[in-house]
């Protein structure tokens, strides 16, 4: 993947950002057969054009609510060197919802941290996105000294895992809200707790209806897409915690759940997930830009989702005609080595038990060597 990050800061409160990307290659097994896939940056549809595309194009506006300011780290998503302690932030345009929702200091960056897409993001968060992970959205965020709340309204894809977004807001749209709290549960170690909720409205099928149609002989196999154009609603919740233990070591955890009645539509086929992990920075062994991590993920799906796959149904990632159900459990570890300036290389290893929730599949061991270059 190649990414060109650009932006222009108009003044102390307004900026415009534009990122161009080019992606290629194929995932293991074309990224099919596993819910917690081993590489977040994989191209989930190998038939997509490999031509450069606009990944992000957004207007970012700050509305100060106090004169007090605090230093702010410049990132590809914000160029301001300082921000009001209390403020409103408005974003409008094209971006990824997980640029701002469900973030975690120790497990959100597939370039330098973990690679599994059910670890860097909450697997049960079926966030509105096209095949590449982006959508058009409007977002407003209120930030205070020790807490924040953000809300976004976003476009949904026309079909599951589709590249085209549905611009008819009367038929398809997504609401996302997150509350973020900063608090020192340990002396001088500020933890962050994030509570997430979302509701998607789109042309989604219902697992129980697809099963009933198959059992009644109306379809040769359960087909989640065999329905007239409709609008159904899928909702879910998530929790996300990070806790530094020392200057170089921290722990984190996520939990996610969605109602599991409607088809997995935009992210991955996970209806319930838990994860826990630890991350370390190399300052402890005099390699301040190195980092290492270890994490465990356990994914599950609803009973209707299980029955649909067991009877021969197919989702956009899973389905091979049989299902001897078991939770999909994953362990991942990595070490990222800073080589020189903006060059990093990493060794990564993942071990997957019951890939695709099937006890008759796997286990799978997936080693990886990663190179990241930035300038």
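The values are calculated or read from the model by the stated rules, or taken from the named source; none is laboratory data. For clarity, every value in this text was computed on a predicted model and none was experimentally measured. Backbone-built Cβ (ideal geometry, glycine too); neighbour counts: all protein chains shown.
What to note about this one:
- Residue 247 meets each of the listed conditions (1) closer than 25 Å to residue 192 by Cβ; (2) in contact (Cβ under 8 Å) with a residue 40 or more places away in the chain; (3) touching a strand residue (DSSP E or B) at 6+ places or on another chain (Cβ under 9 Å); (4) outside any strand (DSSP E or B) apart from (2).
- Enumeration of residues in segment 316-349 that are part of a loop (DSSP other than H, G, I, E, B), within 24 Å of the chain's Cα centre (by Cα) and farther than 23 Å from residue 275 by Cα: 316, 319
- Any hit, segment 41-58, residues being assigned to a strand (DSSP E or B), at pLDDT 95 or above, closer than 24 Å to residue 368 by Cβ and touching a strand residue (DSSP E or B) at 6+ places or on another chain (Cβ under 7 Å): yes
- Qualifying residue in segment 6-18 (condition: under 30 Å from residue 149 (Cβ atoms), within 23 Å of the chain's Cα centre (by Cα), loosely packed, with under 13 Cβ neighbours inside 10 Å and free of Cβ contacts under 8 Å to residues at least 40 places away in the same chain): yes
- Checked against (1) surrounded by fewer than 17 Cβ atoms within 10 Å (Cβ to Cβ); (2) modelled with pLDDT of 95 or more; (3) part of a loop (DSSP other than H, G, I, E, B), residue 313 meets all criteria but (1).
- Checking each residue in segment 275-297 for being under 17 Å from residue 326 (Cα atoms) and crowded, with 18+ Cβ neighbours inside 10 Å picks out 275, 297.
- Residues that are more than 30 Å from residue 245 (Cβ to Cβ), surrounded by fewer than 19 Cβ atoms within 10 Å (Cβ to Cβ) and either touching a residue at least 24 places away in the same chain (Cβ under 8 Å) or in contact with a strand residue (DSSP E or B) (Cβ under 6 Å, 6 or more places away or on another chain) (or both) within segment 169-192 comprise 171, 175, listed in sequence order.
- From the list 260, 277, the lone residue that is in contact with a helix residue (DSSP H, G or I) (Cβ under 8 Å, 6 or more places away or on another chain), in a loop (DSSP other than H, G, I, E, B) and at pLDDT 95 or above is 260.
- Residue in segment 100-110 that is surrounded by fewer than 20 Cβ atoms within 10 Å (Cβ to Cβ) and more than 27 Å from residue 331 (Cβ to Cβ) present: yes
- Of residues in segment 65-87 being over 16 Å from residue 11 (Cα atoms) and under 25 Å from the mean Cα position of the chain (by Cα), the one surrounded by the fewest Cβ atoms within 10 Å (Cβ to Cβ): 73
- Pick from segment 193-209, criterion surrounded by fewer than 20 Cβ atoms within 10 Å (Cβ to Cβ) and part of a strand (DSSP E or B), ranking: farthest from the chain's Cα centre (by Cα): 206
- Every listed requirement among (1) buried (at least 16 other Cβ atoms within 10 Å of the Cβ); (2) over 23 Å from residue 363 (Cα atoms); (3) touching a helix residue (DSSP H, G or I) at 6+ places or on another chain (Cβ under 7 Å) is met by residue 60 save one, (3).
- In the set (1) closer than 24 Å to residue 356 by Cα; (2) part of a strand (DSSP E or B), residue 270 fails one condition alone, (2).
- Hits in segment 177-226 (condition: touching a helix residue (DSSP H, G or I) at 6+ places or on another chain (Cβ under 7 Å) and within 20 Å of residue 271 (Cβ to Cβ)): 207, 208, 210, 211, 222, 223, 224
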